[in-house]
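Got a structure for you, written out below as structure tokens; questions coming shortly.
The values are calculated or read from the model by the stated rules, or taken from the named source; none is laboratory data. As the structure is a prediction and not an experimental result, all values here were calculated from the model. Here the Cβ positions follow ideal geometry from the backbone for every residue, glycine too, while neighbour counts run over all protein chains shown.
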Amino acid sequence: MSENGILSRFWVQELTRPAFEDWMANEPEPIVIIGIGAIEQHGIPLPLGTDSLGVHEFIHEIASRTNSVCIHPCWAGFSPHHMAFPGSVTFSAETLLNILLDTIESFAHHGVKRFILINHHGGNTQTMNLAAQIAKRKYKVMIGTPSGPRKTELAKKIQDRMARYFEVHSGPRETAYALHYFPDLVEMWRLENGESGVIIPDQLREYMDPDREDYELVNQVFMASLPSNTEDITRNGQYATSDPRKADPEEAAASMEESVQFAVDFIKLWKTVPVPKGYKD
């Protein structure tokens, strides 16, 4: 599982203690990658665990290309806004924060100084960022949260579509990622028509046009005006005005490859930066 610091398996739960010790002793810059996802309604065709299933695959791919250890300490996340839809599971923000901090503290106790946090659920973002800030100060470790790229042609194309059609949750973009990563769990046959179910007022819909000259302003007004609970935004759990049947798994595969490679490049460059003196044992 690890020979002279080179891993053949990357999930921490699959390593023996001697293998982990060998990796720590011989990998010049050991990094632990922590995945964060959710178990929550994902519209009609997608599994409840879409975010966690996706981040599970994503972080393992990054770990395998960077000789890193990965862990997915919990499958649920912070999802109170989805609780009107059956099957959704939520942790409190405090629970999620403590899970992340306890995970980091455990590895820091064993000498790990660098951590990558990868999040695939928007509801977790603030808690993840808070965990990163606390862990840096409390455990004297380095924390990275790479997210990108944003300037490739494909990334800009997807970002424009997300803005134009509110493709935030269970729309074509996320459906495409699910069809790429775990197609056997996607039930496209349940989509009888392309109705989105979004019940956003007409005034706010006008603010979704990225071609508006004042888009920077009206988009922030749009986000500030949305209700906090999913059932007040959509009838079927889908946050998108576009048809999920237009999902393109090949585009999703290309997009995820760009994102994986961005994280790999981040890690490789990050390893060249010394650990701050105050963080060393």
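The rows are residues; the columns are (1) of a type in the set (A, V, I, L, M, F, W, C); (2) assigned by TED's automatic domain parsing to the domain that holds Phe85; (3) in contact with a Phe, Trp or Tyr (Cβ under 6 Å, 6 or more places away or on another chain).
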position: Met162; (1), (2), (3): yes, no, no
position: Tyr165; (1), (2), (3): no, no, no
position: Val168; (1), (2), (3): yes, no, yes
position: Tyr181; (1), (2), (3): no, no, no
position: Glu187; (1), (2), (3): no, no, no
position: Asp209; (1), (2), (3): no, no, no
position: Phe222; (1), (2), (3): yes, no, yes
position: Pro227; (1), (2), (3): no, no, no
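State whether one or more residues within segment 190-213 are closer than 13 Å to Leu46 by Cβ and exposed (fewer than 15 other Cβ atoms within 10 Å of the Cβ). Full working, then the answer.
Our first condition is that a residue be closer than 13 Å to Leu46 by Cβ; within segment 190-213, this holds for 190-191.
Within this subset, residues satisfying the condition of being exposed (fewer than 15 other Cβ atoms within 10 Å of the Cβ) are 190.
Yes; the residues of segment 190-213 include at least one that is closer than 13 Å to Leu46 by Cβ and exposed (fewer than 15 other Cβ atoms within 10 Å of the Cβ).
Oh, and also: Need a quick list: helices (runs of 4 or more DSSP H) entirely within segment 193-280 having at least 3 residues that are hydroxyl-bearing (Ser, Thr, Tyr) and touching a strand residue (DSSP E or B) at 6+ places or on another chain (Cβ under 8 Å).
Details: elements: 202-206, 215-225, 249-270.
Filter on segment 193-280 gives an empty set.
Using the structure shown, decide if Ser88 is of a type in the set (Gly, Ala, Ser), more than 19 Å from Tyr279 (Cα to Cα) and surrounded by fewer than 16 Cβ atoms within 10 Å (Cβ to Cβ). Write out each step before concluding.
Details: of a type in the set (Gly, Ala, Ser): yes; more than 19 Å from Tyr279 (Cα to Cα): yes; surrounded by fewer than 16 Cβ atoms within 10 Å (Cβ to Cβ): no.
No, not satisfied.
Take the residues in segment 105-131 that are without any contact (Cβ under 8 Å) to a residue 60 or more places away in the chain and among the β-branched types (Val, Ile, Thr); name whichever of them is surrounded by the most Cβ atoms within 10 Å (Cβ to Cβ). Walk me through how you get there before you give the answer.
Within segment 105-131, the subset without any contact (Cβ under 8 Å) to a residue 60 or more places away in the chain is 105-106, 108-109, 122, 125-127, 129-131.
From what's left, among the β-branched types (Val, Ile, Thr): 125, 127.
Details: Thr125: 14, Thr127: 23.
It comes out as Thr127.
Can you give me the ranges of the strands (runs of 3 or more DSSP E) entirely in segment 30-136 with at least 1 residues that are among the aromatic types (Phe, Trp, Tyr)?
Working: elements: 31-36, 69-71, 114-119.
Where strands (runs of 3 or more DSSP E) fall fully within segment 30-136 and carry at least 1 residues being among the aromatic types (Phe, Trp, Tyr), they are 114-119.
Follow-up question, since we're still on this one. When segment 227-238 is examined, which residues are found to be without any contact (Cβ under 8 Å) to a residue 24 or more places away in the chain and either surrounded by 12 or more Cβ atoms within 10 Å (Cβ to Cβ) or under 16 Å from Arg164 (Cα atoms) (or both)?
Here is the first cut: in segment 227-238, the residues without any contact (Cβ under 8 Å) to a residue 24 or more places away in the chain are 227.
Residues satisfying the conditions do not exist here.
Let me ask something else about it. From the set of residues in segment 169-188 that are surrounded by fewer than 15 Cβ atoms within 10 Å (Cβ to Cβ) and in contact (Cβ under 8 Å) with a residue 60 or more places away in the chain, which is farthest from Ala253 (Cα to Cα)? Please lay out each step first, then the result.
Step one: of segment 169-188, the residues surrounded by fewer than 15 Cβ atoms within 10 Å (Cβ to Cβ) are 183-184, 187.
From what is left, the residues that are in contact (Cβ under 8 Å) with a residue 60 or more places away in the chain are 183, 187.
Numbers: Pro183: 12, Glu187: 19 Å.
The qualifying residue farthest from Ala253 (Cα to Cα) is Glu187.
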